[in-house]
């Protein structure tokens, strides 16, 4: 069974470049992964910025644009990877992956991980709230929920930041890949219109 939420597409049409990184989430303790997650996100951002044809090393505005998109990609990639590692189904051997796809006028970052079946419904309810709520109002609600429940490991603030600050389009795909025992895999996709002037002006 496959369920789609938000703006999600599997179509690789007009992909100019892509890179996929795979991780074995159970190989080391989660706490030791935080630094590795940041390094992986920074590598992805560094790799990606080499493919922008408008980047001119002798043009200060072009250099500034390149640094802005590098920072945005590093932040988003790190958030996606940390969430994928944190909420992965530890009893599953399904790997965690992080990918970018560079298209004509946008790029897509994707993180894929397995998810405990008991957490699927709650996550999907939050996704629907995220897609249909005012970002400022949802931010306040999530902050209140986090204060009321110290054991709540997910504030959702990273996803809110992607949508509100970076004007990202978000999408999810849930897929049951194994029945006995049941394994659900979720892919979170974040799309940025990196070529447009609007994207860069929104960051200033």
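Figures for the structure shown
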{"item": "Lone unmet requirement of (1) out of contact with any strand residue (DSSP E or B) (no Cβ under 8 Å at 6 or more places or on another chain); (2) in a helix (DSSP H, G or I) for residue 104", "result": "(2)"}
{"item": "Unique match (being part of a helix (DSSP H, G or I) and more than 19 Å from the chain's Cα centre (by Cα)) among 129, 82, 121", "result": "121"}
{"item": "Some residue of region 42-64 being under 29 Å from residue 177 (Cβ atoms) and either assigned to a strand (DSSP E or B) or in contact with a helix residue (DSSP H, G or I) (Cβ under 7 Å, 6 or more places away or on another chain) (or both)", "result": "yes"}
{"item": "Condition met for residue 111 (modelled with pLDDT of 90 or more, buried (at least 20 other Cβ atoms within 10 Å of the Cβ) and assigned to a strand (DSSP E or B))", "result": "yes"}
{"item": "Of residues in region 152-194 being modelled with pLDDT under 85 and more than 19 Å from the chain's Cα centre (by Cα), the one nearest to residue 138 (Cα to Cα)", "result": "152"}
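The values are calculated or read from the model by the stated rules, or taken from the named source; none is laboratory data. Remember, it's a predicted structure, so these values are computed and weren't measured experimentally. Ideal geometry is used to build each Cβ from the backbone, glycine not excepted, and the neighbour counts take in all protein chains shown.
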